[in-house]
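Quick notes on the structure that follows.
Values in this text are rule-based calculations from the coordinates and carry no lab data. Predicted, not measured: the structure shown is a model, and the values here were computed from it. Reconstructed Cβ throughout: ideal geometry from the backbone, glycine too, with neighbour counts over all protein chains shown.
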Amino acid sequence: MTAFWILAPIMVIAALGILFVRKAVHAALLLAVVMISLAVLYAALDAPFLFAVQIIVYTGAILMLFLFVLMLVGVDASDSVVETIRGQRVLASLGGLALGLVLVIGLGQISLGTAVGLDDANGEGNIQALANLLFSKYVFGFEVTSALLITAAVGAMVLAHRERLTPKPTQASLAAQRLRDYADSGKHLGPLPPPGVYARHNAVDTPALLPDGTAAGSSVSRVLAARGTVRSAPALADDIEELNRQIGGATHAGRESEAAVTTTETTPATGGEH
Amino acid sequence: MYAFNEGGAIPVVDPTTADGVFTLLWLVVALPLAGAAILLIGGRRTDRWGHLLGTALPIGSFVISLVLFISLLGRGDDERQVMQHLYTWIEVGHLNVGMDLLYDQLSALFLLLITGVGSLIHIYSIGYMAHDPRRRRFFGYLNLFVAAMLVLVLSENYLGLFLGWEGVGLASYLLIGFWQHKPTAAAAAKKAFVLNRVGDMGLSLAIMMFFVLFGSTSFHVISEAAGNASEKQMTILGLLLLLGACGKSAQFPLQAWLMDAMEGPTPVSALIHAATMVTAGVYLIVRSNFVFDRAPDARTVVLVVALISLFWGAWIGCAKDDIKKSLAGSTMSQIGYMMTAAGLGVAGYPFAIFHLLTHGFFKADLFLSAGSVMHGMNDDVDMRHYGLLRKAMPVTFLTFTMGYLAIIGFPGFSGFWSKDGIIETALSQNILVGVLAALGAGVTGFYMTRMMLMTFFTDKRWEKDVHPHESPTVMTGPLVVLAALAVFGGLLILNDWIVDWLSPVTGTAPHESPPIPALAISAIVFVLVLAGAAVAWLVVGRQAVPRTAPTQVSWVTRAGREEVYGNVINDTLVVDPGRHLTAGVLATDRYVVDGALTGGPVAIGAVAGVARRAQNGFVRSYALSLLGGALIVALALLAVNLA
Amino acid sequence: MNITAYIVLSGILFTIGCVGVLTRRNAIVVFMCVELMLNASNLALVAFSRQHGNLDGQVAAFFVMVVAAAEVVVGLAIIMTIFRTRRSASVDDASLLKY
């Protein structure tokens, strides 16, 4: 019972956490805690096969599926605090409290006596005993369940399938589109410029510099620009004096003046004008 | 008076099976029925020859009837009732009704009357309806009527009689409303139909009572077993039959429809509403003699009804200016005579039938002559617009005169023999009835003379554009034949032939002499008739007849013009209460029943309108109610286990 | 060894999952709470299996897991489809089927 008394509070707290955390990812992680604890309790209740299945199927497969869907839907998606249905939260709390009380009181009333224990049933091994039951007494249910699983898999595929409404673009059609765009709006025909390559910065988040010293916005990913994490190459050259001093005081007037000119340049938020 | 009732000499209908020429009996009915079917189902493609076929078939029936009648004459008295079983009509439990035809002395006479006069009227209609676009349909209906009337008089049981009874009612309805574009005609047809239903109720109740009492509707069975029933039962049966007869024969109090029925074409008025159908009530009573002979109280009621009708109809006939309606009043009055005779019992039955036959002749003659007059007067029926027509229509004048002399009972003419027979019998049975009947003859003399004078004598009162002319031969031919019948129909009484002929059916009455000699009675009645005619001459013959009916007249005339307030009485006693009842039932239905019916759904709808808010679309709300349910179940379990 | 404690824990976890279903609006979290309720019932099944000394309860728990897996697959696919068309994973946004 030691394992129980250690794990039970953890499980209850984790379960309550699912109720109150705002981010779905956190809820999924807390659910994983509950499930792994449950697996341990299964082991304590002489159910080693279920222990393994709980970890592999539930925690491993099902919960991972949850996380995948969360990634698709958006990790950041979180509930708003405002309750839209009037009285729902109060009634749900009261109802839940009442249910919990009734269950606890009701179950507390039951005197079950000493448990028989599974030593006899698990005599020739838990898995063998389960298999005996599953393929004799419950064989029909087993078969039906297999049919259910296949149906569920097919159903999921049907639901997730998206019909292609336009023909798939080929290389030729893409090239033709480029030329059309160039003819219509003068859009650059060639590939986008690569990001800047500097002595100390050779990163995708630093735009290349054009001949006039301005940054080429289209040389960095638009996603980075949207996040506001694009860095400015001239700004990174602010400490050049300090470095020069450190490596021996050699001054290069030409580079200094060039740096002074471009210091005021700020990173454009979006590329594409060039 | 009723001494002979206890004698048990009431005849029993006991026919022999038809053989030889009598197996043709069914053809009499089948021919006009086939004509009706062909003309009505065949539609427009029979338009060109339909009227010829429709006339030929009743003539065929008449020929067969004549052959049958001659064969019947050749038989002995006890073999003169013949029955032909066609097929089993209804067989349910104890009710076994065959489609049986009974041909005896009574129905033989009726067969001749219906097919004979019917054929003449068919021929007449060829000319009368020549310009009607729906002539073929008219002949179809006429044939249907003839077939139904033949079923009525030939059936061996009351149910078959009822079939014919309703058939003639239907045909009458269709023919009164034949000119359905006239609202008055449509209303008249409906009125005739509804009033007849009242009478039919009496007849159908009587038939049900026959079945309950005797387990059969056959004349044979009932006439054999009738002696076992009590007098009270017989009285009830008699009154129910009388109600049926009143409806069909336009007797008081169901007389109101007959005047309106004149909206139909004149041949219809002649055939159905004068010669044959309206006399079906008399036939019913004479045929049911085994009931009425055992129910003296019912016969008394018959006499009362008959005498009221006799004077009621005569009153109308005196006051009306419409020639057809005046004749209709006369019809009602003459049927009153027949009913009087029938109400007198065994001694009167033969005279009822005799008067029925002569009336069939002279009244058909009078109606058809009136139709001929209307034909020449642009369908004007107002006698005040006639006058001096004897010059313009000599043949019609002659035939009308024959009919006139017959109906007023001029010595030697058919009406004289039949009417005097009734008055004589009445006097010998009951002085009061006899005196009243004799007075009625005087009134007849008045209104018929008035009609005669206004139509054929006095001054010309025609419209300017009317050019009276004689009708074509196809119309005058039947008129001449009918006039001859009206003159010589009295021959049937020669040597008391008709009384002896009918006695196996109606029974033999012990001879009772009237209180005064028969010749004196005839003289007195003739004087009364002459007095009536003289009064008529004083009223309309001696002075000029105004073209429009004067309004400043005595209440007697006013009441006569209003048909002695028959319609007012019906409206006050039945129609208006019925209308109010209907309105009340309608209002109850609309506000109470419909209110309860629609109120429930409205209330449920209102509750649902509120309750449907629970279906707010939020799956979490549904889950909450699920939790509530689970909680209740858990609490219940807990309560049960803790208790 | 008495299993009452396990059963009570199972009841508590079930209640928490139940309240979670009722209060959370993110469809995925609601789904997780449903899984929590299923797991709580599984715990009770396994505990009773031990109490009665036969393995039927464990087999039942196994079946529950399989069915839960199938349910998760289909349920998540439905959530994906809804998200794709409505750009929302909130159960309250799918509330058009109403009075």
ask   = Would you list B:66, B:357 from fewest to most Cβ contacts within 10 Å?
value = B:66, B:357
query = So what is the relative contact order of chain B, in percent, for Cα pairs below 8 Å that sit 6 or more residues apart?
reply = 13
ask   = Amide H of residue B:16: which non-local residues (sequence gap of 5 or more, or other chain) have their own amide H closer than 5 Å, using H built in the peptide plane?
value = B:81, B:82, B:83
request  = Amide H neighbours of residue B:86 under 5 Å, at least 5 residues apart or on other chains, H built in the peptide plane: list them.
outcome  = B:99, B:100, B:101
remark   = Here the convex hull volume per residue of segment A:86-149, taken over Cα atoms and given in Å³, is 170
task = Enter the Cα centre distance for the pair segment B:304-322 and segment C:4-66, rounded to the nearest angstrom.
result = 103
ask   = By what distance, in whole Å, do the Cα atoms of chain A stretch along each of the three principal axes, largest value first?
value = 93, 54, 51
task = Find the centroid of the Cα atoms in segment A:37-112 and in segment B:341-377, then give the distance between the two in whole Å.
result = 108
message = P(r) for segment A:7-138, please, calculated from all Cα pair distances in 5 Å bins and given in %.
response = 2, 8, 11, 14, 16, 16, 14, 9, 6, 4, 1, 0
Calculated from backbone phi, Karplus (6.51, -1.76, 1.60) coupling profile of segment B:578-591 in Hz, x at Gly/Pro = x, 5, 5, 4, 4, 4, x, 5, 4, 5, 4, 5, 5, 9
message = Helix A:24-44 against the longest principal axis of chain A: what's the angle in degrees, Cα atoms only, rounded to the nearest 10?
response = 30
remark   = Per the charge dipole of segment B:568-642 (beta-carbon charges, Lys/Arg positive, Asp/Glu negative, Cα centre), the residue among B:587, B:598, B:616 reaching farthest to the positive end is B:616
key: More than 47 Å apart - percent of Cα-Cα pairs taken over the protein assembly as shown   = 58
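Between residue B:638 and residue C:84, what's the calculated FRET efficiency when r is the beta-carbon distance and R0 is 60 Å? Round to 0.05.
Given R0 = 60 Å and the Cβ-Cβ separation, E is 0.85.
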message = Using only the alpha-carbon atoms, how far is helix B:594-611 inclined from the longest principal axis of chain B? Give it as 0 to 90 degrees, nearest 10.
response = 20
ask   = In whole Hz, what ³J(HN,Hα) sequence does segment B:79-91 give by Karplus (6.51, -1.76, 1.60; θ = phi - 60°), x for Gly and Pro?
value = 10, 8, 10, 10, 10, 10, 8, 8, 6, 7, 7, 10, 9
ask   = Label residue B:630 and residue B:70 with points 7 Å out from Cα along Cα→Cβ: what is the distance between them in nm?
value = 10.7
Per DSSP, loop trypsin sites (Lys or Arg not before Pro) in segment B:5-58 with at most 14 further Cβ within 10 Å = B:48
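So, R0 is 25 Å and r is the distance between the beta-carbons of residue A:89 and residue A:112; what FRET efficiency does that work out to, to 0.05?
Numbers: r = 36 Å, r/R0 = 1.43.
The computed FRET efficiency comes out at 0.10.
Treating the beta-carbon of each Lys and Arg as +1 and of each Asp and Glu as -1, no other charges, what is the dipole magnitude of segment A:77-163 about its Cα centre, to the nearest 20 debye?
Using only the charged Cβ atoms, the result is roughly 380 debye.
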request  = Find the centroid of the Cα atoms in segment A:152-227 and in segment B:504-519, then give the distance between the two in whole Å.
outcome  = 134
request  = Place a label point 7 angstrom from the Cα of residue B:232 along the Cα-to-Cβ direction, then list the residues of segment B:263-299 whose backbone nitrogen is under 16 Å away.
outcome  = B:295-298
task = Convert each backbone phi in segment B:125-140 into a coupling constant with the Karplus relation 6.51 cos²θ - 1.76 cosθ + 1.60 (shift: θ = phi - 60°), then list the ³J(HN,Hα) values in order as whole Hz, x for Gly and Pro.
result = 5, 4, x, 5, 9, 4, 9, 8, x, 10, 4, 4, 5, 4, 5, x
request  = Quick one: which residues, 5+ away or cross-chain, put their amide H under 5 Å from the amide H of residue B:155? H built at 1.01 Å from N.
outcome  = B:102
inquiry  = Using a Cα-Cα cut-off of under 28 Å, which lysines could be cross-linked to residue A:187, ignoring same-chain neighbours fewer than 8 residues away?
reply    = A:168
query = Going down the table (B:191/B:464; B:248/B:460; B:191/B:419; B:320/B:363), which pairs top 29 Å between alpha carbons?
reply = B:191/B:464; B:248/B:460; B:191/B:419
request  = Give, rounded to the nearest 20 debye, the magnitude of the charge dipole that segment B:568-642 has about its Cα centre when Lys and Arg contribute +1 at Cβ and Asp and Glu contribute -1 at Cβ.
outcome  = 580
ask   = Hey, what angle do you get for helix A:171-185 against the long axis of chain A, alpha-carbon based, 0 to 90 degrees rounded to 10?
value = 50
task = Let me know the shape class of segment B:568-642, please: from the alpha-carbon gyration tensor, a ≥ b ≥ c as square roots of the eigenvalues, rounded when a/c is under 1.5, otherwise prolate if a/b is greater than b/c, or oblate.
result = oblate
ask   = Projected area of segment B:322-440, taken from the Cα convex hull and averaged over every viewing direction, in nm²?
value = 7.3
